[in-house]
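Have a look at the structure below before the remarks.
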Ligand code: HEM
Ligand code: MTE
Ligand code: MO
């Protein structure tokens, strides 16, 4: 018969390093998570904050842990129970760091409340070519900072021989103003389809982690030039830091290659307006980076600091996340240094109407969706099938014309088609082609990856036909 090992709080608190083993508690249970630390999807440094003590105050910040798969994972590391006499001191009443988050639109489908992550429902997403600000998808990793526009300063670290800048909002407005239409897509868009193949770690985005706005602001190349930066022969990166930070004071960060930042044709913006309005708080008020054609993760919000460095940002989100791997790589074999950070995204399209499982009337039907490709590549065609991919019809592209090599924004598309007679069910499929003739893979399994990013297989919805 097994007897449960009992530990005191003091014993637990002395296990905070790889040498002693790393222990944590949840409720009255004790866990040795030494082996898990380097595998933690949120990064080892975050997990280490809880080493030697209770997880509760930290997990209160990151509701992503309130899932059965996380509890099951933790259970594997259980080594015993806390001494019942050794009363767990009531943890310091942590005031809710999210209490000051903005009020959100009720139409948003919330994937996580704290931090806030939400997507517009598909039928609203393609209602407008420009996504209205209140329903633009939101991907936050941390509480939304509340920044005072009057005292806000953007720090630009100067080049050797140049000068560092501390720019107020007025200073930024004094640079020439550019306005461009750019689609932002999260690397995790359509992750839920990957989850159906095999579990992945990440938010369950459906087709709505993508939206389009008109962004206005100063060009990053103009601001960098004023700080003395120029394109150099050696590889260099522009690192961005947000003013949102976690309990350790670590800010959200990311970087892009200097070559893209300095290229006027790449149109990278320090944006202070979204669809003619000051940026909403959720989208980076007062200033964010907009990197056309590049994955959402590099469009750093609440921008505080810009520097040019010989290497990519050391941020967790640049180095330990937002990378793609072979389907057979798992959390115990992954080597994050072996893959490049995601920058440009592959060709993508999805059906927004009708919805999966819907019943459509016989006669004529309308199929709607979006299509977009990274790196400024234009969408040249969207093919739609009503019979699971046996035969195809070409959809009509709507929305703004795309500029060659600067196709930063999506095309919406639609197809009016007669519902094939005598069918009780339809398997509707869409796939897009960009101007490099890149196509989407037909199924998701061969592109499955442990983080569930780059999910761009043919999009399929199954509908019933009303008798
Ligand atoms: C994500 C487990 C401790 C912060 C996750 C996920 C798992 C996990 C399984 C991925 C969940 C999903 O996306 O479905 C654990 C375990 C812990 C632990 C077993 C303790 C032994 C902590 C601590 C912190 C933390 C102490 C913060 C101080 C995070 C964050 C993410 C995360 C921020 C989300 C990463 C992202 O998607 O951006 N954790 N965690 N975790 N964890 Fe933990
Ligand atoms: N910038 C900061 N400072 N903090 C963040 O959490 N999330 C990134 C990026 N910029 C993030 C950030 C990610 S992963 C995405 S997809 C986009 O912001 C989402 O931008 P949105 O919320 O305006 O749609
Ligand atoms: Mo993202």
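Going through region 281-291 one residue at a time, which ones are within 16 Å of ligand 3 (Cβ to nearest atom), more than 19 Å from residue 407 (Cα to Cα) and assigned to a loop (DSSP other than H, G, I, E, B)? Scanning region 281-291 gives a single hit, 284.
Here the strands (runs of 3 or more DSSP E) wholly within region 71-166 that include at least 2 residues being surrounded by fewer than 16 Cβ atoms within 10 Å (Cβ to Cβ) and in contact (Cβ under 8 Å) with a residue 40 or more places away in the chain are 78-82.
Assessment of region 147-160 against the conditions (under 23 Å from residue 117 (Cα atoms) and modelled with pLDDT of 95 or more) yields at least one matching residue.
The single residue among 268, 329, 289 that is modelled with pLDDT of 95 or more and under 29 Å from residue 98 (Cα atoms) turns out to be 289. As for region 34-48, it holds no residue that is touching a helix residue (DSSP H, G or I) at 6+ places or on another chain (Cβ under 6 Å), at pLDDT 90 or above and farther than 26 Å from residue 318 by Cβ.
Looking only at residues in region 251-267 that are within 18 Å of the chain's Cα centre (by Cα) and over 19 Å from residue 152 (Cα atoms), the one that is nearest to ligand 3 (Cβ to nearest atom) is 254. A single member of 429, 465, 394, 444 is out of contact with any helix residue (DSSP H, G or I) (no Cβ under 7 Å at 6 or more places or on another chain) and either buried (at least 19 other Cβ atoms within 10 Å of the Cβ) or under 30 Å from residue 43 (Cβ atoms) (or both), and it is 429. Here is a list of conditions, (1) closer than 20 Å to residue 141 by Cα; (2) within 16 Å of ligand 1 (Cβ to nearest atom), and residue 196 meets all of them except one; can you say which number that is? Every listed condition holds for residue 196 apart from (1).
With respect to residue 186, determine if the residue is within 16 Å of ligand 1 (Cβ to nearest atom) and crowded, with 19+ Cβ neighbours inside 10 Å. In short, yes. The lone criterion from (1) in a helix (DSSP H, G or I); (2) in contact (Cβ under 8 Å) with a residue 60 or more places away in the chain; (3) farther than 30 Å from residue 324 by Cβ left unmet by residue 171 is number (2).
Scanning region 237-252 for residues that are within 13 Å of ligand 1 (Cβ to nearest atom) and either crowded, with 21+ Cβ neighbours inside 10 Å or modelled with pLDDT of 95 or more (or both) returns 244, 246, 252.
For residue 234, the conditions (1) away from ligand 2 (no atom under 16 Å from the Cβ); (2) farther than 19 Å from residue 258 by Cα all hold with the exception of (2). Each residue in region 292-304 was checked for being assigned to a loop (DSSP other than H, G, I, E, B), more than 14 Å from the chain's Cα centre (by Cα) and within 11 Å of ligand 2 (Cβ to nearest atom), and 1 pass.
Within region 201-222, restricting attention to residues that are within 16 Å of ligand 1 (Cβ to nearest atom) and surrounded by 24 or more Cβ atoms within 10 Å (Cβ to Cβ), the residue that is farthest from residue 70 (Cα to Cα) is 209. If the condition is being over 21 Å from residue 172 (Cα atoms) and free of Cβ contacts under 8 Å to residues at least 40 places away in the same chain, then region 221-260 contributes 231, 232, 233, 249, 259. Only helices (runs of 4 or more DSSP H) whose full extent lies in region 1-67 are considered here, and the ones with at least 3 residues that are under 24 Å from the mean Cα position of the chain (by Cα) and either in contact (Cβ under 8 Å) with a residue 60 or more places away in the chain or more than 8 Å from ligand 1 (Cβ to nearest atom) (or both) are 44-48. From the list 6, 22, the one residue that fits, being away from ligand 2 (no atom under 16 Å from the Cβ) and in contact with a helix residue (DSSP H, G or I) (Cβ under 7 Å, 6 or more places away or on another chain), is 22. For the residues 214, 206, the requirement of being out of contact with any strand residue (DSSP E or B) (no Cβ under 6 Å at 6 or more places or on another chain), in contact (Cβ under 8 Å) with a residue 12 or more places away in the chain and within 30 Å of residue 349 (Cα to Cα) singles out 206. Each residue in region 326-345 was checked for being more than 16 Å from ligand 1 (Cβ to nearest atom) and more than 13 Å from the chain's Cα centre (by Cα), and 11 pass.
The values are calculated or read from the model by the stated rules, or taken from the named source; none is laboratory data. In this text, all values refer to a predicted model and were calculated from it rather than measured experimentally. Here Cβ is always computed from backbone atoms with ideal geometry, including for glycine, and neighbour counts include all displayed protein chains.
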